[in-house]
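Structure first, commentary second.
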Amino acid sequence: EHFRAMHALYRASLPALRSRVGSRLAAPTVLLPRVWSHGYKVSAGELKKGMYIDKGGKIFEIMKCEHQKVAMRGGFILAEMRNIFDGSKGNDKFRSAESVEIVELESGKYTYEGLSEDEKFLLFENDNGDSKEIPKERLKGLDVYLEEEESECHIIFLEDKIVDIHMPKEAVVTVEKCDPYVKGQQAAPTGKPALLDNGRTVKVPNYVEKGEDIRVRLPDEVFIERVKD
């Protein structure tokens, strides 16, 4: 509120300032902090995975929270965070009693329905059937894991603008090509690369063979298990 009052006072003084130094003087650029329309404050000790916070005018999703106590100092919070606009990740430390701005974002569950005429991903909201078209680049190549009329995505909105898309947490795919498994052969500790039927390549354990179905964790594309009928 203090900032807004000072800014209003500054704008009101511009006519007088221009009259003193000339009408051609342009108003100096003022960088206003971004104020999100929905939010509230909590202490850092209340942070949980999945929350969105405003830090320096940017919105971050809390990916992981670790509460650490320090004798006589009240403790602090180690948070792994992801910038929802550019996807960059990082860690930050907060004092437990530190005030943090929570951003409340709107969200909806959408089912993937295929490609639109202009090659965008078409998704329909599960509740009311509203449709959204998503540019391919927003899914960063992971669209190959989506199945028409089955895969469900969670879309996050800020002021009606799509700011984040949560893919399904896992997918079942078929191994199209990999080195054969030889019983008794010394296995590589890191596993082996396997080409999937969607064109992606992931590391799998040495016992996995061509033609098998496997479950993959998204979005990091990590092998979970073999899928048996």
ask   = If you add up the charges near Gly129, with Lys and Arg at +1 and Asp and Glu at -1, over every other residue whose beta carbon is less than 14 angstrom from its beta carbon, what do you get?
value = -3
request  = Using +1 at the Cβ of each Lys and Arg and -1 at the Cβ of each Asp and Glu in region 107-229, identify which of Gly108, Val182, Ala194 lies farthest towards the dipole's positive end.
outcome  = Val182
request  = Run down the lysines and flag those whose C-alpha is under 22 Å from the C-alpha of Lys228, throwing out any fewer than 8 positions away in its chain.
outcome  = Lys169, Lys177, Lys183, Lys192, Lys203, Lys210
note = Which residues qualify? For Phe157, with a placed amide H closer than 5 Å and at least 5 residues away or on another chain, they are Glu106, Ser107, Val163
task = Using θ = phi - 60° and the Karplus relation 6.51 cos²θ - 1.76 cosθ + 1.60, list the HN-Hα couplings for region 206-213 in order, rounded to whole Hz, with x at every Gly or Pro.
result = 5, 7, 6, 10, 4, x, 7, 8
query = Among the listed pairs Lys64/Lys109; Lys41/Lys93; Lys89/Lys140, which are separated by more than 21 Å between their Cα atoms?
reply = Lys64/Lys109
message = Could you derive backbone 3J(HN,Hα) for region 173-178 from the dihedral phi with the Karplus parameters 6.51, -1.76 and 1.60 (θ = phi - 60°), listing whole Hz in sequence and x where the residue is Gly or Pro?
response = 9, 10, 6, 8, 7, 6
remark   = FRET efficiency (Asn126, Arg217; Cβ distance; R0 30 Å; to 0.05) is 0.85
message = Quick check: pseudo-label points 7 Å beyond the Cα along Cα→Cβ at Lys49 and Glu133, how many nm apart are they?
response = 3.7 nm
ask   = In terms of solvent-accessible area of protein heavy atoms at a 1.4 angstrom probe, what is the ranking of Tyr110, Tyr40, highest value first?
value = Tyr40, Tyr110
key: Sequence of Lys69, Lys136 when ordered by accessible area, the most exposed leading, probe 1.4 angstrom   = Lys69, Lys136
Value of relative contact order over region 48-204, rounded to a whole percent, pairs C-alpha under 8 Å and six or more apart = 14 percent
request  = Once you have the Kirkwood Rh of region 82-229 from its Cα pairs, apply Stokes-Einstein at 4 °C and 1.567 mPa s and quote D in µm²/s.
outcome  = 72 µm²/s
query = For region 33-158, what is the charge dipole size about the Cα centre, in debye to the nearest 20, if Lys and Arg each add +1 at the Cβ and Asp and Glu each add -1 at the Cβ?
reply = 1380 debye
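The values are calculated or read from the model by the stated rules, or taken from the named source; none is laboratory data. Because the structure is predicted, anything quoted here is derived from the model rather than measured. Neighbour counts are summed over all protein chains in view; Cβ atoms, including those assigned to glycine, are modelled from backbone coordinates with ideal geometry. Side chains included, ligands, DNA and RNA excluded: accessible areas come from the protein's heavy atoms. Shrake-Rupley method; radii C 1.70, N 1.55, O 1.52, S 1.80 Å.
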